[in-house]
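Okay, so here's the structure we're looking at.
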Amino acid sequence: MTERQKQILFAIIEQYAEVAVPVGSVTLAKLFDVSSATIRAEMAKLEEMGLIAQPHTSAGRIPTDAGYRLYVNNLSENAETAPQLNRSTQVIKARVGSVNRADQAIRSTVDSLVELTGNLGLATIGDQLYMSGLANLFTQPEFVSNNHVQAVATLLDNLEPWLREVAPNEALNVYIGNENPIGKSSGASLIISRFRSPYSDKSYIGVLGPTRQSYARVMHLVQHAGAMLEETL
């Protein structure tokens, strides 16, 4: 893959996250200051690699799960955070510090993630899975299809026992689309952070949303939420 192909892929992912419609060659040609024909040729190569797809004839392109995975793997952990993102992390810090009980702190942090990301938020509290923001999830255009809704429901129904059994060991775990252990056809991404709490050395907090989302921002917020809870609790 050439550097230009990588940058075109990343631009498709970032623009699709914002507008939720397939990204066309004309838009990208303006962005990269090349002809539409050049962009179409590069898109064809990305499609051959399985990194983007054309949902309809004559439509633009959308990322595949493999495209998102490449993008997430290339996100810099040390990238500078925007002032708006820093303000968001301060919101989480303030809400965690405003309550005394561990369960309330975890719930409050989940609620903050729901407000800040627009996704469904979740966390393990003992042997239970606390969830908030279900309406956020099912108002996303990706989940109009009943098949997607059923697959997401299956994932949520089985998530708590799966977390307990598998106990993902990374500080931040990202499962994109068909990488999910359950509900592989859900078109959803699960982003969870492990943290130590009074309930367990392997407690989890995170979000579930469409594969189309701002990964850099959401991953940062989820990881910060887990670290803040561990520090506070």
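The values are calculated or read from the model by the stated rules, or taken from the named source; none is laboratory data. Note that the structure is predicted; figures quoted are calculated from it, not measured. So basically every Cβ, Gly included, is an ideal-geometry build from the backbone, and we count neighbours across all protein chains shown.
Given V34, V91, V23, which one is over 22 Å from Y175 (Cα atoms) and assigned by TED's automatic domain parsing to the domain that holds V218? Show your work before the answer.
Values: V34 fails: assigned by TED's automatic domain parsing to the domain that holds V218; V23 fails: assigned by TED's automatic domain parsing to the domain that holds V218.
Going through V34, V91, V23 in turn, the sole match is V91.
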| request: Determine whether segment 142-153 contains at least one residue that is of a type in the set (A, V, I, L, M, F, W, C), buried (at least 21 other Cβ atoms within 10 Å of the Cβ) and closer than 22 Å to G67 by Cβ. | output: yes
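Could you grab me the full set of residues in segment 176-191 that are in contact with a strand residue (DSSP E or B) (Cβ under 8 Å, 6 or more places away or on another chain) and crowded, with 21+ Cβ neighbours inside 10 Å?
As a first pass, look at segment 176-191 and keep what is in contact with a strand residue (DSSP E or B) (Cβ under 8 Å, 6 or more places away or on another chain): 176-177, 180-181, 187-191.
Result: I176, G177, N180, G187, A188, S189, L190, I191.
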| query | Has segment 177-195 got any residue that is closer than 15 Å to V72 by Cβ, out of contact with any Gly (no Cβ under 7 Å at 6 or more places or on another chain) and touching a residue at least 40 places away in the same chain (Cβ under 8 Å)? | reply | yes
| query | Can you tell which of L120, L129 is closer than 20 Å to A102 by Cα, out of contact with any Lys or Arg (no Cβ under 9 Å at 6 or more places or on another chain), assigned by TED's automatic domain parsing to the domain that holds I182 and surrounded by 14 or more Cβ atoms within 10 Å (Cβ to Cβ)? | reply | L129
| note | Of the listed residues (L137, L116, L156), the one being of a type in the set (A, V, I, L, M, F, W, C) and under 21 Å from K202 (Cα atoms) is L156
| task | Examine segment 202-212 for a residue that is surrounded by fewer than 21 Cβ atoms within 10 Å (Cβ to Cβ) and either over 13 Å from the mean Cα position of the chain (by Cα) or not assigned by TED's automatic domain parsing to the domain that holds I106 (or both), and state whether such a residue exists. | result | yes
| field | Qualifying residue in segment 73-91 (condition: surrounded by fewer than 17 Cβ atoms within 10 Å (Cβ to Cβ) and at pLDDT 90 or above) | value | yes
| said: So, S200, is that one of a type in the set (S, T, N, Q), within 24 Å of I92 (Cα to Cα), touching a residue at least 24 places away in the same chain (Cβ under 8 Å) and part of a loop (DSSP other than H, G, I, E, B) or not? | reply: yes
| query | Which residue, of L190, L233, L208, is at pLDDT below 90 and either in contact with a helix residue (DSSP H, G or I) (Cβ under 8 Å, 6 or more places away or on another chain) or of a type in the set (V, I, T) (or both)? | reply | L233
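Of the residues I13, I8, which is hydrophobic (A, V, I, L, M, F, W, C), at pLDDT 95 or above and under 27 Å from V110 (Cβ atoms)?
On the way: I8 fails: under 27 Å from V110 (Cβ atoms).
The conditions single out I13.
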| said: Would you confirm whether or not segment 170-179 contains a residue that is assigned by TED's automatic domain parsing to the domain that holds Q90 and part of a loop (DSSP other than H, G, I, E, B)? | reply: yes
